1. If you go through segment 494-548, how many residues are β-branched (Val, Ile, Thr), closer than 25 Å to residue 432 by Cα and either surrounded by 14 or more Cβ atoms within 10 Å (Cβ to Cβ) or under 24 Å from the mean Cα position of the chain (by Cα) (or both)?
2. Go through (1) assigned to a helix (DSSP H, G or I); (2) out of contact with any helix residue (DSSP H, G or I) (no Cβ under 6 Å at 6 or more places or on another chain) one by one and return the number of the condition residue 88 breaks.
3. Is it fair to say residue 63 is farther than 30 Å from residue 380 by Cβ and either open to solvent by 40 Å² or more (accessible area, probe 1.4 Å) or modelled with pLDDT of 85 or more (or both)?
4. Filter segment 549-561 for residues that are within 18 Å of residue 456 (Cα to Cα) and surrounded by fewer than 24 Cβ atoms within 10 Å (Cβ to Cβ) and give the result.
5. Test of understanding: among 60, 64, 72, 22, which residue is under 26 Å from the mean Cα position of the chain (by Cα), part of a helix (DSSP H, G or I) and farther than 25 Å from residue 237 by Cβ?
6. Might you let me know whether segment 89-104 holds any residue that is at pLDDT 85 or above and open to solvent by 40 Å² or more (accessible area, probe 1.4 Å)?
7. How many residues does segment 35-58 contain that are open to solvent by less than 10 Å² (accessible area, probe 1.4 Å) and either small (Gly, Ala, Ser) or closer than 16 Å to residue 230 by Cβ (or both)?
8. What pairs come up if the first residue lies in segment 403-429 and is on the phi > 0 side of the Ramachandran plot, the second is open to solvent by 40 Å² or more (accessible area, probe 1.4 Å) and not acidic (Asp, Glu), and their beta carbons are under 6 Å apart, counting only those six or more places apart or on different chains?
Amino acid sequence: MLTYVFMGLAFGAIYALAAAGLVVTYQSAGILNFAFGSMAYFVAMFFYWENQTQGWNLALSAVLALAVVAPLLGILLYLLVFRFLRARPTLVKVIASVGVSVALPAVALMLFGNPTISQAPGLAPAPVAHWNVLGGTLTLDQVITYAFLIVVVGGGTAVMRFTDVGLKIRALVNSEALTSLSGVNPGRLSLGVWAVSGLLAGAAGVMAGPTTGVSVSAMLMLMASAFAAVVAARLSNLAGAVAVALLMGVVSDAIQYWLPANSLATADIVQCVPIAVMLVFLLYYLIRGGPLGQESRQGGALDAAIRADSGGGTRAGFPDAVGRLARWYAPERIVSVLPLLFLLCLPELFSGWWLGLVARGVALAVIFLSFSLVTGDGGMIWLCQITFAAGGGLIAAELSFNQGMNPLAAAVIGGAVMIPAGVLIGALTIRLGDLYVALVTLTFGLLVDQVIFTQQQFHPGMGGVAMNRPVFAATDQDFANFALVVFLIVGLFVVNLRRSSSGLAVAAVRWSEPAARTLGLNIVRLKLVLAGIAAFVAGLGGAMLSMYDLGNDPVTYATFNGVIWLAVLVTNGLRSLTAALLAGVLFMVLPAVFSTYTTGQAWLQVPSVLFGLGALGLAVNPGGVVSMQARLLRDLIFGRRLKTGAGQ
């Protein structure tokens, strides 16, 4: 038993390092770093490459990876991305960090190759020394992990409480503007904070290697476990996060001791421990303390005034008359409609394999419309829409293939069954702040992934449950046209919903809930209705995707894939029909272009890098690509008119 305790404490220490890194960046910059797992993966890959592939000395490899590459990675990401996000909305912060999470593993694979690493060396030299302590086995890798955590927590606490640097960092958390007025450079402090975050991410990744191996999925699960500890600590209490992380590690390994080894049920239970911890603490806080409000605001009134001055206001040089003309003429509508018309013609422009990719992309775009509804219109950052898509597709596949129901009727029923699930999630998260909503819905998706979609009857990884296509959409050409019709029907419904009185009420809630309450709007009812509609659209889109694939494979609908889908959509434009269709087609076609017309494994990672960079662009252009092009066209048209008028 003691051996399992030592192992659990070691794993808990790794979770604690990750949780510490997340708390540090959140408290100093207001950003919960969804790219933390990918940062850990990048550093772990570098460590493995230099030590195993290049044959460098273990000590030198560790110093270069943890003392040089990891801090530099944190600094580079701060300079390129995170320094632009401090005053951005929560959605932009989440999606931009997801962009980093998508791009970094692809960059690592381009640089270090794509080996399968089921077990990686740790910081202890091989063969790893071990000792018998009170009947349990303690390894040198575990001792190093314990020591590293003690140094980080003890040293970090001492620095924050008893040094000038700690005082300056605490001042930065309270108000960046006032910190700057006191003669302190906030940028330098932030560089130091992100360097420490990079170090903690790298240490967690390298130390987890001997047990979990080095893979993107393993590091993402590490990040999810750390999220549980951070939520338990209410995003701020470092000591609490460390304590919960250590407890999770011990509980996970105790479960493996008491339950049958090599059992799928045991593995599922262990993977659900962090998810259960997060849910238990969230329910406790809600019951004991009432609503969990918005995440902590960075800075005070002066910071808010500076942001409003720099980011608000009307465009200089555009008189009211010209502004009214711009709204009436609406060149941004042209920018949206013309690409939409072109995209609608794509099935006639392609054939063979490429036509199939376009057809699948259109089916995916239907799912993207559900993201547009719940997040774009409702302002709710749900990271589990892909779970509703999977559920709708799974029910439709079961009804169609096994029960003999018409595929169209099965698809509608599959979407309808998702409505109560969406309403339930909405009811559970309605009292939470944006960041908590994102974490809870992410947790819900992961829970379904681990508990439901891993069941053998769903055939994960082997094609899933078979699904029929409608008779009139048997070929890819016919299916592409059918999918476009479904997309347009759902899209027109979304547009009409936005123009209706209910849609205007939803828009009022999105912009200001207090103002909406003064108008007598029932915010809870509006959000629950929108959540149910979005869940239906997601389920319908999942059924469409299953029709094209001729099966519903749960592997396709992994929760982290859904987060990437949301990032791709937001990159193009969250509330645009054109952006949804463009995002779906690009997500399918762009990787195929590189796999067909390039040679070498490195080129296959370019689409992931491009998708990641697109999400990073939200740091400077929150509206997305379509919106940006619309603004450029508007400025071009009306800017020239203004100059002509001034010249006369």
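1. Qualifying residue count, segment 494-548: 6.
2. (1)
3. Considered against the rule, which asks whether it is farther than 30 Å from residue 380 by Cβ and either open to solvent by 40 Å² or more (accessible area, probe 1.4 Å) or modelled with pLDDT of 85 or more (or both), residue 63 comes out as yes.
4. 551, 553, 554, 555, 556, 558 - these are the residues of segment 549-561 that are within 18 Å of residue 456 (Cα to Cα) and surrounded by fewer than 24 Cβ atoms within 10 Å (Cβ to Cβ).
5. 72
6. Checking segment 89-104: not a single residue is at pLDDT 85 or above and open to solvent by 40 Å² or more (accessible area, probe 1.4 Å).
7. Residues that pass the stated criteria total 7.
8. Every condition considered, no pair remains.
The values are calculated or read from the model by the stated rules, or taken from the named source; none is laboratory data. All figures in this text were calculated on a predicted structure; none of them were measured in a lab. FYI the Cβ positions are ideal-geometry reconstructions off the backbone, even for glycines, and counts take in every protein chain you see. Calculation scope for accessible area: heavy atoms of the full protein, side chains included, ligands and nucleic acids excluded. Shrake-Rupley method; radii C 1.70, N 1.55, O 1.52, S 1.80 Å.
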